[in-house]
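Let me begin by presenting the structure, written as structure tokens, before commenting on it.
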Amino acid sequence: VARWFQAWGLSRATLMVIAFAVCLAALGWVDRDFEVEAPAKLVSVLECDVFATADGTVREIRTRHGAEVHEGDVLAVLDDPQLALEFEQVDGEIATVSKRLEAIAVARTQRTAREDLSTQALPLSAEAVQLQKKRASLIKQQEILDQRRAALSLRSPITGQVLTLDLQNRLQARPVQRGQVLFTVADTSRGWLLEADVSQDDIGHILAAQRGEDRQLPVRFRLAGGVDQIFSGHLE
């Protein structure tokens, strides 16, 4: 063998360089792990937030972290002082209008009896017509207020698990604003996503590996809180 190398004019150092280059080339065809450490967040594939429907306070909480809930279950009840005041005002106006209409009806009945008119119904007075229209408008306002009051009961949009932590300390008797996220409910049966914030130095290697795969790129990951347990998945 030595004579063969000498015949080709190859020194031992040249042979080592060639062998090293061959090893590097071979590594390019061998699958190997590429490890990345990155901040990440584990989220459910299907998550829904529950928002405050009005400015007010949380009067009652009917769930807890980790609880299994069904679609339509009441998670909390809000208290809206402004809505309660509007209800009181509308109820008072309806009562006033109704009493006045009753008084007009009594007066017409008494007049009918005195004048011994026929039993055919008399047309309502102009005041009675106006009062009836006003009462109909107030009743519609009351229906709208009823819908707003029903919306103060915050319900789960899906069947799943409550993910929000420390509900009692965070929300009980606390003021909230309309549109504020109060709960997150997840359907954990749909699976989970790990949203990782990978650095620019590493993302190029990951994208190259993804382009080289005819199927979904398999990945394994460990969470900071449990490094002994390895989870499997694929790159989205």
Give just the number: which of (1) over 16 Å from residue 168 (Cα atoms); (2) of a type in the set (Asp, Glu); (3) within 38 Å of the chain's Cα centre (by Cα) does residue 60 not satisfy? (1)
So, in segment 161-182, how many residues would count as being open to solvent by less than 50 Å² (accessible area, probe 1.4 Å) and part of a helix (DSSP H, G or I)? 2
Looking at 76, 67, 38, 54 in this structure, which one is open to solvent by 30 Å² or more (accessible area, probe 1.4 Å) and either more than 30 Å from residue 197 (Cα to Cα) or touching a residue at least 60 places away in the same chain (Cβ under 8 Å) (or both)? 38
Anything in segment 138-149 that is farther than 11 Å from residue 84 by Cβ and open to solvent by less than 60 Å² (accessible area, probe 1.4 Å)? List them, or say none. 138, 142
Of the candidates 185, 198, the one satisfying the condition of being more than 30 Å from residue 58 (Cα to Cα), open to solvent by less than 50 Å² (accessible area, probe 1.4 Å) and at pLDDT 90 or above is 198
Options 216, 200, 180, 168; residue that is without any contact (Cβ under 8 Å) to a residue 24 or more places away in the chain and touching a strand residue (DSSP E or B) at 6+ places or on another chain (Cβ under 9 Å): 216
It is to be established whether one or more residues within segment 223-235 are touching a helix residue (DSSP H, G or I) at 6+ places or on another chain (Cβ under 8 Å), more than 30 Å from residue 95 (Cα to Cα) and not aromatic (Phe, Trp, Tyr). yes
Here the qualifying pairs (Cβ atoms under 9 Å; residues six or more apart or on different chains; first in segment 82-104 and surrounded by fewer than 13 Cβ atoms within 10 Å (Cβ to Cβ); second outside any helix (DSSP H, G or I)) come out as 82/54; 82/55; 82/56
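The values are calculated or read from the model by the stated rules, or taken from the named source; none is laboratory data. This one's a predicted model, so the numbers in the text were calculated from it and none came from an experiment. Positions of Cβ are backbone-derived with ideal geometry, glycine not excepted, and every protein chain shown enters the neighbour counts. Note: areas computed on protein heavy atoms with side chains; ligands, DNA, RNA excluded. Shrake-Rupley method; radii C 1.70, N 1.55, O 1.52, S 1.80 Å.
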